[in-house]
Amino acid sequence: MSEHSPPAVPGGVEPIALREALEERYLAYALSTIMHRALPDVRDGLKPVHRRLLYAMRQLRLDPSSGFKKCARVVGDVIGRYHPHGDQSVYDALVRLAQDFAVRYPLVDGQGNFGNIDGDNPAAMRYTEARLTEVAQALLDGLDEDTVDFRDTYDGEDSEPVVLPGAFPNLLANGSSGIAVGMATSIPPHNAHELCDAALHLIKYPNASIDKIVELVPGPDFPTGGVIIDDAATIRETYRTGRGAFRVRAKWAVEELKHGTWQIVITEMPFQVQKGKLVEKIADLINSRKLPLLVDVRDESAEDVRLVLEPRSRTVDPTVLMEQMFRLTELETRISLNMNVLTAGRVPRVLSLPEALRHWLDHRKEVLVRRSRFRLEQIAKRLEILEGYLIAYLNLDEVIRIIREEDEPKAELIGTFQLTDNQAEAILNMRLRSLRKLEEMEIRREHEALLAEREELSALLGSDDRQWARIAEEIRAARAKFGKSTELGRRRTQFAEMPTVEVDLNQVMIEREPITVVLSAKGWIRALKGHLTDASTLSFKEGDKAKFHFPAETTDKIMVFSSSGKFFTIGADKLPGGRGHGEPLRLICDLDTADDVVALFVHRPGGKLLVAASDGRGFLVPEDEVIANTRKGKQVLNVSAPVEAQVCRRVPDGADHVAVIGENRKLLIFPIAELPEMGRGRGVKLQSYRGGGLADAKAFPLAEGLTWTDSSGRLWTVNDLGDWLGARAQAGRIPPKGFPRTNRFG
């Protein structure tokens, strides 16, 4: 034997390549997980463990009208006869089917402690009791009428249904979730009334569009309620592809208290969020100061959910507070949709909403056909017996003689009256009391009724339209029984649009109070409480005076535009108080010593500014783009000495022209469309000058005329401006009579 040859194989041992063995065994495991554990069947929406639970409870006669039995008895039957797995996993599945906060339409009616929305565990199975609900009974209806196939159980001693008849759209109504090997499923619950409406529409219009189906089924309907904030287009695409997600928020309202205070009360939780853990999470965030707008959270729930959020102050905006809560906590969750289910009992596929409903309808049709054929067989057997009885009644004396005198009465009856074996056996087993004339009349009536029923069933099996009409009747009956007019069937989850609220924590933490911002000529800035209308009462240092003063609020952003073309942003709450003369502006932002303040104003999001330099060049800039995030400011208008930034004015709504006046006292008006909109740069020439430079500029609506304020504070307006209209970069003309000698619009 060679030194490197493999060892000899013992007798009776077959060598197998390890790779092939692993592939074969892992594939078997994967298929078992997909088909027998993780993915639901599209026809009844159940996994094997749930199907076996319901079937075992039916075998125990735990109907909705009967009494309860211990869950331990049910679990014992399931694991002993149908499902050879751990008792705790089976009990967990049973418990979930009974939890009205976990299942939209519970299939098990539980008695005892089955857990709660706080996340508390249920009692042990020896303490709890259960029976089937009306919904489960609808799923099982017709099981004894050959509506579905049966297969042997794991030990071959019993049989179990492959699928349930499913007279209720359980897959979509109750949803499902599971993780298999290489695939998963996640189907949120829906409203049964809406699903029935969509199914009826598909029966009438088999090629109905996804738009119509989504109109009838607008979105999930969770057992715990909540609010879906996705738009209709997103939901439509999710249902079209069978993949996507839904954003669900808690339902909340503001509750007014005494003295102008208020609190937020949460009455509905997002699906599958444990309230107890959520409260702990919120409390931790408060303690770690990650929720600065919130002071306290209290759980005042009893039968219904009541979660109370207490704000830090009554000036906090409730919408802003809740937007912060939605970002940081599970008060907003994403419920995924991955409609990956078993079709034909064994093929995993991702279905769209109409496809899932169509598979359920096809299953209902198969159930109807099989049930009708089963009933025809039963009718045929019964008619055979009844016809034998009628022959016996017509020849009663002879039948009695044969029974009394013949040694083999059965054979004699068959030979004399051409009876079948079943008919002869039935006659021999007939009781004497059945020989009454009244009994004969009842048999004839039953015979006629069965003939009529047979004719009706034969017509049903021969007509596709009649079958769909019968299925529609059954669906309408289910809709009436579990529809929106019932407490169980009313829609719980609502729809809302996503609020457009930008949450700036630095801003919402500030108490909103009125202030007056004052900047002196020498650069001292301060904020006085309240809105002052008369600036003459303000005091300044000797030789100083007011340069800018305007009303604002502590939540505002104050914008500074310097002669170097830079913008600086200061939070109004960061300004020094009104006591004394304030502080130098250069201590708050990095203004160069040579810089002067050209403009000081309150930032208004969404607006536009007209900026221009002393050389007459300028442009429009969006106000949102000039915000500076640091003390160093943001360079917007590029200037080089001796040129300086000269003008910064807000463009009013409806402005369509720009008025420019130079130090040479020439006025030019041109369309605002000739000015570019930029984020940074030198801009374009507004007006041409032979000597001097730009004095002032402003944008205005031409229809309202050009206004200015003279040295006495009087307001002037000129509407006839044709002499000064021109194109950008022209020289202009002498302004109208009464224009200030300062060459400023005021």
Region 227-247, subset part of a helix (DSSP H, G or I) and among the aliphatic types (A, V, I, L, M), residue surrounded by the most Cβ atoms within 10 Å (Cβ to Cβ): I235
Search result, residues across region 445-493 that are of a type in the set (D, E, K, R) and free of Cβ contacts under 8 Å to residues at least 12 places away in the same chain: R445, E448, E455, E456, D464, D465, R466, E473, E487, R490
query: Which residues, taken from region 692-737, are part of a strand (DSSP E or B), under 30 Å from V639 (Cα atoms) and aromatic (F, W, Y)?
result: F700, W708
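Can you tell me which residue within region 432-444, out of those that are acidic (D, E) and without any contact (Cβ under 8 Å) to a residue 40 or more places away in the chain, is surrounded by the fewest Cβ atoms within 10 Å (Cβ to Cβ)? Spell out how you get there, then give the answer.
Filtering region 432-444 down to residues acidic (D, E) leaves 439-440, 442.
Filter once more, so that each one left must be without any contact (Cβ under 8 Å) to a residue 40 or more places away in the chain: 439, 442.
Details: E439: 15, E442: 11.
Among them, the one singled out is E442.
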- prompt: Any chance region 419-434 includes a residue that's touching a helix residue (DSSP H, G or I) at 6+ places or on another chain (Cβ under 6 Å) and among the acidic types (D, E)?
  reply: no
task: Inspect all residues belonging to region 674-691 and state whether any of them is surrounded by 21 or more Cβ atoms within 10 Å (Cβ to Cβ), in the same structural domain as I558 (by TED's automatic domain parsing) and outside any loop (DSSP other than H, G, I, E, B).
output: no
message: List the strands (runs of 3 or more DSSP E) inside region 320-417, counting only whole elements, that have at least 3 residues being surrounded by 19 or more Cβ atoms within 10 Å (Cβ to Cβ).
response: 332-338, 340-343
query: Hey, any hits in region 56-66 for a residue that's under 29 Å from the mean Cα position of the chain (by Cα), in the same structural domain as D152 (by TED's automatic domain parsing) and under 27 Å from R151 (Cα atoms)?
result: no
query: Looking at this structure, is T224 within 28 Å of V347 (Cβ to Cβ) and either more than 22 Å from the chain's Cα centre (by Cα) or in contact (Cβ under 8 Å) with a residue 12 or more places away in the chain (or both)?
result: no
message: Return the residues of region 81-138 that are assigned to a loop (DSSP other than H, G, I, E, B), of a type in the set (S, T, Y) and closer than 19 Å to G45 by Cα; say none if nothing qualifies.
response: Y105, T133
task: Output yes when any residue across region 357-364 is at negative phi and in contact with a strand residue (DSSP E or B) (Cβ under 8 Å, 6 or more places away or on another chain), and no when none is.
output: yes
field: Qualifying residues in region 521-558 (those that are among the small types (G, A, S) and within 20 Å of R586 (Cβ to Cβ)) - the one farthest from the chain's Cα centre (by Cα)
entry: G543
- request: Output the residues belonging to region 445-475 that are among the charged types (D, E, K, R) and modelled with pLDDT of 90 or more.
  value: R445, E448, E453, R454, E455, E456, D464, D465, R466, R470, E473, E474
- request: Consider S539 carefully, then state whether it is small (G, A, S), at pLDDT below 85 and on the phi < 0 side of the Ramachandran plot.
  value: yes
- request: Tell me, please, whether a residue that is surrounded by fewer than 16 Cβ atoms within 10 Å (Cβ to Cβ), modelled with pLDDT under 95, out of contact with any strand residue (DSSP E or B) (no Cβ under 9 Å at 6 or more places or on another chain) and not charged (D, E, K, R) can be found in region 169-182.
  value: yes
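Just to check your reading of the model, which residue among L216, L171, L195 is closer than 30 Å to M498 by Cα and in contact with a His (Cβ under 7 Å, 6 or more places away or on another chain)?
None of the others qualify; the one that does is L216.
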- line: Within region 39-73, the count of residues that are in contact with a Pro (Cβ under 7 Å, 6 or more places away or on another chain) and of a type in the set (F, W, Y) comes to 1
query: Which of the residues spanning region 264-292 are among the small types (G, A, S) and under 26 Å from Q494 (Cβ atoms)?
result: G276
- prompt: Counting just the residues of region 499-522 that are of a type in the set (A, V, I, L, M) and modelled with pLDDT of 65 or more, which one comes out farthest from P292 (Cα to Cα)?
  reply: A521
- prompt: For region 258-276, does any single residue satisfy the condition of being in a loop (DSSP other than H, G, I, E, B), over 27 Å from N174 (Cβ atoms) and in contact (Cβ under 8 Å) with a residue 12 or more places away in the chain?
  reply: yes
Residue check, A727 loosely packed, with under 15 Cβ neighbours inside 10 Å and at pLDDT 90 or above: yes
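The values are calculated or read from the model by the stated rules, or taken from the named source; none is laboratory data. Because the structure is predicted, anything quoted here is derived from the model rather than measured. Positions of Cβ are backbone-derived with ideal geometry, glycine not excepted, and every protein chain shown enters the neighbour counts.
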